[in-house]
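Asks: Attaching a single structure in structure tokens format; questions to follow.
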Amino acid sequence: MLKALLFVINHSLQAKSKIKTAYDNAKRALPGGLAKTKEQASKEAEELQVKVDRLKTELETYKRKEELWLRRWQQIAFHMRQKGIQMASIDRTPPEGAELPSNTETAQILRSFDKEIPPSGRI
């Protein structure tokens, strides 16, 4: 439809060379041109689909990581409660100037909480 319209406009403008020149200049100035060929549109759609698919995969990866993170904190809270420690007494901002443990030290500390939560017997 657009191609047909452009053909009609182009044909009509042939008679008016000044207008035709201005029209051609304006058409070239547009990013990507005024009309894309079917091949260009197909290629662009394909590229966008690849990007959408990649982003969906990335989102699923982040969802899985979030689920694992939440599960880990549930396990930590469970085992702390089993030891008589309340999360509220642990989950606090450290004192000013306190040095936090490194990633390695943190991993060693948390490793003891990696045990699964035992079944409660509830259904």
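The values are calculated or read from the model by the stated rules, or taken from the named source; none is laboratory data. These figures come from a predicted structure and were not determined experimentally. Note: ideal-geometry Cβ built from the backbone for every residue, glycine included; neighbour counts use all protein chains shown.
Asks: Show the residue pairs meeting these rules: Cβ distance below 8 Å; 6+ apart or different chains; first residue within segment 77-99 and under 15 Å from residue 112 (Cα atoms); second residue in a helix (DSSP H, G or I).
Replies: 77/87; 80/87; 80/90; 81/87
Asks: State which residue is farthest from the chain's Cα centre (by Cα) when the search covers only segment 65-96 and only residues that are surrounded by 10 or more Cβ atoms within 10 Å (Cβ to Cβ) and basic (Lys, Arg).
Replies: Among those that are surrounded by 10 or more Cβ atoms within 10 Å (Cβ to Cβ) and basic (Lys, Arg), it is 81.
Asks: So, one more: Based on this model, can you work out whether residue 36 counts as modelled with pLDDT under 80, in a loop (DSSP other than H, G, I, E, B), over 26 Å from the mean Cα position of the chain (by Cα) and not hydrophobic (A, V, I, L, M, F, W, C)? So that I can check it myself, show each step before the final result.
Replies: Working: modelled with pLDDT under 80: yes; in a loop (DSSP other than H, G, I, E, B): yes; over 26 Å from the mean Cα position of the chain (by Cα): yes; not hydrophobic (A, V, I, L, M, F, W, C): yes.
Yes.
Asks: Follow-up. Spot the failing condition for residue 111; the list is (1) under 30 Å from residue 10 (Cβ atoms); (2) exposed (fewer than 10 other Cβ atoms within 10 Å of the Cβ), and only one is missed.
Replies: Of everything listed in (1) under 30 Å from residue 10 (Cβ atoms); (2) exposed (fewer than 10 other Cβ atoms within 10 Å of the Cβ), residue 111 misses just condition (1).
Asks: Among the residues of segment 97-122, which ones are at pLDDT 85 or above and over 32 Å from the mean Cα position of the chain (by Cα)?
Replies: At the first step, the residues of segment 97-122 found to be at pLDDT 85 or above are 97-108.
Across segment 97-122, the qualifying residues are 97, 98, 99.
Asks: For segment 80-96, check the following and say yes or no: at least one residue is modelled with pLDDT of 85 or more, outside any loop (DSSP other than H, G, I, E, B) and among the basic types (Lys, Arg).
Replies: Yes.
Asks: Of all residues in segment 39-64 being polar (S, T, N, Q) and under 16 Å from the mean Cα position of the chain (by Cα), which is farthest from residue 113 (Cα to Cα)? Give the steps one after another, and end with the answer.
Replies: Restricting attention to segment 39-64, the residues satisfying the condition of being polar (S, T, N, Q) are 40, 42, 49, 57, 61.
Imposing the further condition that a residue be under 16 Å from the mean Cα position of the chain (by Cα) reduces the set to 49, 57, 61.
Values: 49: 42, 57: 30, 61: 24 Å.
The qualifying residue farthest from residue 113 (Cα to Cα) is 49.
Asks: Shifting gears a bit: Test residue 61 against the criterion of being surrounded by fewer than 10 Cβ atoms within 10 Å (Cβ to Cβ), of a type outside the set (Phe, Trp, Tyr) and in a helix (DSSP H, G or I), and give yes or no. Even if it seems obvious, please write down each step before you answer.
Replies: On the way: surrounded by fewer than 10 Cβ atoms within 10 Å (Cβ to Cβ): no; of a type outside the set (Phe, Trp, Tyr): yes; in a helix (DSSP H, G or I): yes.
Considered against the rule, which asks whether it is surrounded by fewer than 10 Cβ atoms within 10 Å (Cβ to Cβ), of a type outside the set (Phe, Trp, Tyr) and in a helix (DSSP H, G or I), residue 61 comes out as no.
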